[in-house]
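Participant: This is the structure I want to talk about, given as structure tokens.
The values are calculated or read from the model by the stated rules, or taken from the named source; none is laboratory data. Since we're looking at a predicted model, the values are computed, not measured. All Cβ positions, even for glycine, are placed from backbone atoms using ideal geometry, and neighbour counts span all protein chains on display.
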Amino acid sequence: MGIVSAYRMRLRRKLWLTRARLKAGQLSPVANRTGAIRGGDLLAFTTLRDERLRLPYFLDYYRRLGIDHFLMVDNGSTDGTTDYLAAQPDVSLWRTEHSYRGSAYGVDWLNGLARRHGARHWCLTVDVDEFLVYPFCDTRPLRALTDWLDASQLRVFGAMLLDMYPKGPLAAQPYAEGQDPFEIAQWFDAGNYVAEKNPLYDNLWIQGGVRAREFFADRPRRAPALNKTPLVKWARGYAYVSSTHALLPRGLNRTYEEAGGEKASGVLLHAKFLDTFGARAEEEAARGEHYRAAEEYRAYAGVLGDGLDEGRDLWCRWSERYVNWRQLEILGLISKGNWA
């Protein structure tokens with residue numbers, strides 16, 4: 001990268017850090033327990049809205065992996081999310097009624113919280129429908145992974161978003177509070193993915209899976225990005241710039257190996273496609289608060305239409321039933337790298 005490009009990247013990073021500081025005033029503390037955070041704690045950061053149904057399993061999943069403290073922003077929930085999270089002893093909660101789109105889709109809020117509370121901690125930034133799977137996750141807690149990353153002098157861990165879905169109509173298997181969503185959404189697309197290097201941020205731009213197949217078949221270049229860098233050893237000068245798809249400084253985005261071999265990586269199992277998806281898709285399409293004026297949600301609503309709860313089946317004969325992380329390694333979707 002040339003001197004001019006490096007200077008522009010520094011300016012871009014300063015802009016995102018300034019945005020985070022300015023938007024901090026939009027957050028009102030509901031339950032600030034950050035004083036309980038200890039050195040070395042593993043932290044999780046999340047922005048959410050009306051996710052009360054999903055929260056018990058989400059919190060339980062990450063507690064079992066080893067997350068010590070959750071820092072969460074509630075963007076105007078009306079379904080009991082706020083009260084539920086405020087009662088959790090390992091959750092610090094802020095609330096805002098400000099625009100999700102105006103905060104760069106929550107990025108400004110979470111960058112600000114990470115800057116104030118995440119420095120020198122391993123920080124996991126995920127949505128409430130994203131569940132990290134990494135090599136040996138069935139026998140090794142998240143701290144084993146972060147200890148190895150520290151020992152290997154690695155600051156980031158990449159994970160591809162893997163869309164999961166049920167076999168049969170979405171509405172045929174109602175999701176119950178506290179249930180493992182992958183008892184329902186057991187299937188995924190195993191191989192229809194494309195990746196290219198993004199010259200601006202040096203990240204790999206990955207697209208494909210069921211969303212490209214079902215909702216963006218006629219315009220695959222507009223399909224949602226699946227590349228994520230959710231786990232970062234945070235420093236005060238870091239900033240996400242596009243969800244968890246890209247970071248600055250841009251060297252943090254090189255979660256892949258360019259000189260042969262593979263870097264360790266995982267997936268985020270994505271439990272978007274449950275029976276609740278239809279109502280959410282129509283709501284978000286109307287609100288227009290998501291990326292590109294909610295183009296993605298308009299695509300969902302356009303394909304599913306009024307018959308959304310009637311019988312849409314995302315399964316196809318090439319779908320693969322999820323078993324475990326070793327299966328994903330065999331398929332080339334995750335890698336142990338040199339972590340033995």
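Participant: Among (1) at pLDDT below 95; (2) surrounded by 13 or more Cβ atoms within 10 Å (Cβ to Cβ); (3) out of contact with any Ser or Thr (no Cβ under 8 Å at 6 or more places or on another chain); (4) not in a helix (DSSP H, G or I), there is one condition Glu289 misses while meeting the rest; what is its number?
Facilitator: Going through the list (1) at pLDDT below 95; (2) surrounded by 13 or more Cβ atoms within 10 Å (Cβ to Cβ); (3) out of contact with any Ser or Thr (no Cβ under 8 Å at 6 or more places or on another chain); (4) not in a helix (DSSP H, G or I), Glu289 breaks only (3).
Participant: Quick test for you: out of Tyr84, Tyr105, pick the one residue that is of a type in the set (Ser, Thr, Tyr) and modelled with pLDDT under 95.
Facilitator: Of Tyr84, Tyr105, the one residue that is of a type in the set (Ser, Thr, Tyr) and modelled with pLDDT under 95 is Tyr105.
Participant: Return the pairs, sorted by first residue and then second, in which the second residue is of a type in the set (Asp, Glu) and assigned to a loop (DSSP other than H, G, I, E, B), the first residue lies in segment 27-39 and is farther than 8 Å from His69 by Cβ and in contact (Cβ under 8 Å) with a residue 24 or more places away in the chain, the beta carbons are less than 8 Å apart, and the residues are 6+ apart or on different chains.
Facilitator: Going by the 8 Å Cβ cut-off, the qualifying pairs are Arg38/Asp68.
Participant: For the structure I just gave you, tell me whether Arg38 is modelled with pLDDT of 95 or more, assigned by TED's automatic domain parsing to the domain that holds Asp108, assigned to a loop (DSSP other than H, G, I, E, B) and under 22 Å from Tyr105 (Cα atoms).
Facilitator: On the way: modelled with pLDDT of 95 or more: yes; assigned by TED's automatic domain parsing to the domain that holds Asp108: yes; assigned to a loop (DSSP other than H, G, I, E, B): yes; under 22 Å from Tyr105 (Cα atoms): no.
No; evaluated as a whole, the condition is false for this residue.
Participant: Moving on. Within segment 13-23, does at least one residue satisfy the condition of being among the polar types (S, T, N, Q), surrounded by 14 or more Cβ atoms within 10 Å (Cβ to Cβ) and on the phi < 0 side of the Ramachandran plot?
Facilitator: The answer is no; no qualifying residue exists.
Participant: State whether the residues of segment 139-159 include one that is more than 21 Å from the chain's Cα centre (by Cα) and closer than 23 Å to Ala239 by Cβ.
Facilitator: yes
Participant: Checking Asp163 against (1) touching a His at 6+ places or on another chain (Cβ under 6 Å); (2) within 17 Å of Leu252 (Cα to Cα), which single condition isn't satisfied?
Facilitator: Tallying (1) touching a His at 6+ places or on another chain (Cβ under 6 Å); (2) within 17 Å of Leu252 (Cα to Cα), Asp163 fails exactly one: (2).
Participant: Any idea which residue in segment 315-329 is surrounded by the most Cβ atoms within 10 Å (Cβ to Cβ), counting only those that are farther than 25 Å from Asp147 by Cα and free of Cβ contacts under 8 Å to residues at least 24 places away in the same chain?
Facilitator: Filtering first and then ranking leaves Val323.
Participant: Can I ask one more? Only one of (1) in a strand (DSSP E or B); (2) loosely packed, with under 13 Cβ neighbours inside 10 Å; (3) not small (Gly, Ala, Ser) fails for Leu71. Which number is that?
Facilitator: (2)
Participant: Return the pair list, or none, for Cβ contacts closer than 6 Å from residues in segment 260-274 that are under 15 Å from Glu130 (Cα atoms) to residues that are among the aromatic types (Phe, Trp, Tyr), at least 6 apart or on different chains.
Facilitator: Gly266/Tyr134; Leu269/Phe131; Phe273/Tyr165; Leu274/Tyr175
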